[in-house]
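The structure appears right after this line, and notes come after that.
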2 protein chains.
Amino acid sequence: MKEMKISEAVVRRLPIYLRYLNELRMSEVQTVSSQELGQRLNLNPAQIRKDLAYFGEFGKKGIGYDVGYLIEKIRHILKLDQVIPVALVGAGNLGHALCNYNTYLKNTMKITAVFDASPNKIGTQINQLTVLPMDKLSETVNEQKIRVGIITVPSAVAQHVADQFVQAGIEAILNFAPTIIKVPSHIRIHQADFTAELHSLAYYLD
Amino acid sequence: MKEMKISEAVVRRLPIYLRYLNELRMSEVQTVSSQELGQRLNLNPAQIRKDLAYFGEFGKKGIGYDVGYLIEKIRHILKLDQVIPVALVGAGNLGHALCNYNTYLKNTMKITAVFDASPNKIGTQINQLTVLPMDKLSETVNEQKIRVGIITVPSAVAQHVADQFVQAGIEAILNFAPTIIKVPSHIRIHQADFTAELHSLAYYLD
């Protein structure tokens, strides 16, 4: 397949398709129509067909899409046909919760190192990982070829952690602190923003 | 202001503006230009001007937008000029973490009740809230006029919790379980999806 640029909106929908397709495969479903996908995901079937046609994937009339093939294709496009090591800074409740998501990530993104600045947390265990001190960040990122950083520290120190990630050579950041972080333009940053999510929900209340 | 329909994309950006405007107000900044907003939020200034013009808000040339006025306007549009009581089901690590966000929600959305099915968790304290058993859900939703439900339980029981929220009369749900939930069409559901967020980030790695 030729390299091409896919819009951000499509890139955000592909993981949603992927998760449902994985659920279908686990139930041994072999084909799925855009109607079924649309109904289940609250999306317009025409939108789904457009998204999938984007990368040359067409369902067969009356049969639909091949689940296994579509999974492989989306994983390839999202570059998830490899294990991408992830570091997490902030071993509080949220950090703990995210480490438990490792099983849902299905050997694609994988949290392989956890860091914290607090002496109370350094050396404790989260699942199989030992919480490391911040001065091990650069070394660990290098050794484990970590490419993505997750920030689950309080807002007041989030920018400082982001700076340390950038210095350590990380390529992308997922920030859970409810504050705006600045990074150089070659670093990709996504905001996982619970407060914004909840605030936008209010609009739809009658 | 007349009632009008604002696109979902705009509704999702308004809380982002709101958070930064709140930060500006705390620093006693009185006006801000669309350029500054754009730079800080990684958004196109033209896009910001378009979003704000949407609800009749225009910056003054060379001065910019009045921070305080814009905050009130966005809060009003998002219906955040009231306290909206929120219930959370699932008093695990993620549930704990979200309860700690109450301070960031600035008396708009407010988690006022926490529930869990596990006898080990019922009766324990999270901040000022006592974890309640599931059979108190309907009664509490009624008494506290709770309108929004947050789901932080494992995927396997998320649909069941959603059904209980719907029966209790909740209007909107924010689901953190990495699974797809079906609700009647009059219920608004948002997916706070950490795994999808991380998977879409992979696409942008070189």
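What follows is calculated from the coordinates using simple rules that are stated; it is not laboratory data. None of the values given here were measured: they were computed from a predicted structure. Every residue, glycine as well, gets a Cβ built from its backbone with ideal geometry; the counts of neighbours run over all protein chains shown.
Top mean-square fluctuation among A:V166, A:V114, A:V29, Gaussian network model of chain A, C-alpha springs under 10 Å?
Residue with maximal mean-square fluctuation among A:V166, A:V114, A:V29: A:V29.
Please give me, ordered by residue number, the trypsin sites (Lys or Arg not before Pro) of the range A:1-76 that lie in loop per DSSP and have at most 12 other Cβ atoms within 10 Å. Walk me through the intermediate numbers first.
Values: sites: A:K2, A:K5, A:R12, A:R13, A:R19, A:R25, A:R40, A:R49, A:K50, A:K60, A:K61, A:K73, A:R75; in loops: A:K2, A:K5, A:K61.
The qualifying sites are A:K2, A:K5, A:K61.
Angle between the Cα long axis of helix A:155-168 and the longest principal axis of chain A, 0 to 90 degrees, nearest 10?
Value to nearest ten degrees: 80.
For the range A:84-197, state what percent of all Cα-Cα pairs lands in each successive 10 Å bin, counting from 0 Å until the bin that includes the largest distance.
All Cα pairs considered, the percentages come to 15, 52, 32, 2.
Per the Kirkwood definition applied to all pairs of different Cα atoms, how many angstroms is the hydrodynamic radius of chain B?
Values: mean 1/r = 0.0527 Å⁻¹.
The Cα-based Kirkwood calculation yields 19.0 Å.
Taking the alpha-carbon distance from A:K73 and a cut-off under 15 Å, which aspartates and glutamates remain once sequence neighbours fewer than 8 residues away in the same chain are dropped?
Candidates past the 8-residue exclusion: A:E3, A:D51, A:E57, A:D81.
Given that compact globular proteins tend to follow 2.2 N^0.38 Å, what is the ratio of the alpha-carbon Rg of the range A:50-128 to that value?
1.59
Please state, to two decimals, what the Cα-based radius of gyration of the range A:118-177 comes to when divided by 2.2 N^0.38 Å (N = residues). It would help to have the intermediate numbers written out before the result.
Numbers: Rg = 11.5 Å, N = 60, 2.2 N^0.38 = 10.4 Å.
Cα-based Rg divided by the globular estimate yields 1.11.
I need the P(r) histogram for the range B:1-92: all alpha carbon pairs, bin width 5 Å from 0 out to the longest distance, whole percents.
Spelled out bin by bin, the range B:1-92 gives 3, 12, 24, 25, 16, 9, 5, 3, 2, 0 percent.
Given the rotation relating B and A, tell me which residue in B puts its Cβ closest to the axis and the distance in Å.
That would be B:N93, 2.
Relative contact order of chain B, please, whole-number percent, based on alpha carbon pairs below 8 angstrom and at least 6 residues apart.
On the way: 281 pairs, mean separation 27.7, N = 206.
Reported relative contact order: 13 percent.
Taking other Cβ within 10 Å of each residue's Cβ, how do A:E197, A:E28 sort, fewest first?
Details: A:E197 19, A:E28 7.
Ranking A:E197, A:E28 by Cβ neighbours within 10 Å, fewest first, gives A:E28, A:E197.
Can you list the distances in nanometres, one decimal and ascending, from the A:D135 label point to the identical position in each other copy, with the point 7 Å along Cα to Cβ?
Taking the point 7 Å beyond Cα along Cα→Cβ, the inter-copy spacings are 5.6 nm.
So the label point sits 7 Å from Cα along the Cα-to-Cβ vector; using that for B:A53, what distances do you get to the other copies, in nanometres, sorted shortest first?
So the distances to the same position in the other copies read 3.2 nm.
So for the pair A:H160, B:Q47, with labels modelled 7 Å out along Cα→Cβ, what separation do we get in nm?
For A:H160 paired with B:Q47, the spin-label model returns 3.1 nm.
From the convex hull of the Cα coordinates of the protein assembly as shown, what is the mean projected area in square nanometres? Please list the in-between numbers first.
On the way: hull surface 86.4 nm².
For the protein assembly as shown, averaging the hull's shadow over all directions gives 21.6 nm².
Chymotrypsin sites (Phe, Trp or Tyr not before Pro) within the range A:39-82: which are DSSP loop residues with at most 15 other Cβ atoms inside 10 Å? Before the final figure, lay out each step's value.
Numbers: sites: A:Y54, A:F55, A:F58, A:Y65, A:Y69; in loops: A:F55, A:F58.
In loop regions of the range A:39-82 (DSSP not H, G, I, E or B), the sparsely surrounded chymotrypsin sites (Phe, Trp or Tyr not before Pro) are A:F58.
Once the label point is placed 7 Å from Cα along Cβ, list for A:K110 the distances to the corresponding points in the other copies, in nm, shortest first.
The answer, with the shortest distance listed first, is 4.6 nm.
Rounded to the nearest 500, what is chain A's calculated 222 nm mean residue ellipticity when only DSSP H runs of at least 4 contribute -39500 (n - 2.57) each, over all residues?
Details: 8 runs with 85 residues, N = 206.
Mean residue ellipticity at 222 nm (helix-derived): -12500 deg cm²/dmol.
Cut-off under 14 Å on the C-alpha distance; same-chain residues fewer than 8 positions from A:K145 excluded. Which aspartates and glutamates are left, in chain and number order?
Within reach: A:E171, B:D206.
Nearest 20 debye, what's the magnitude of the dipole of the range B:84-197 about its Cα centre given +1 on Lys and Arg Cβ and -1 on Asp and Glu Cβ?
Numbers: 8 positive and 8 negative charges, 49 e Å.
The calculation lands at about 240 debye.
Express in whole angstrom the spacing between the alpha-carbon centres of the range A:167-187 and the range A:68-118.
That distance is 16 Å.
Just to confirm the number: angle between the C-alpha axis of helix B:8-26 and the first principal axis of chain B, 0 to 90 degrees, nearest 10?
80 degrees
Do the alpha carbons of any pairs in A:K5/A:K182; A:K79/A:K106; A:K106/A:K136 sit beyond 18 Å of each other, and which pairs? Walk me through the numbers on the way to the answer.
On the way: A:K5/A:K182 24 Å; A:K79/A:K106 13 Å; A:K106/A:K136 27 Å.
In this structure, A:K5/A:K182; A:K106/A:K136 lie more than 18 Å apart at Cα.
How far apart, in nm, are the 7 Å Cα→Cβ label points at B:R12 and B:S27?
2.7 nm
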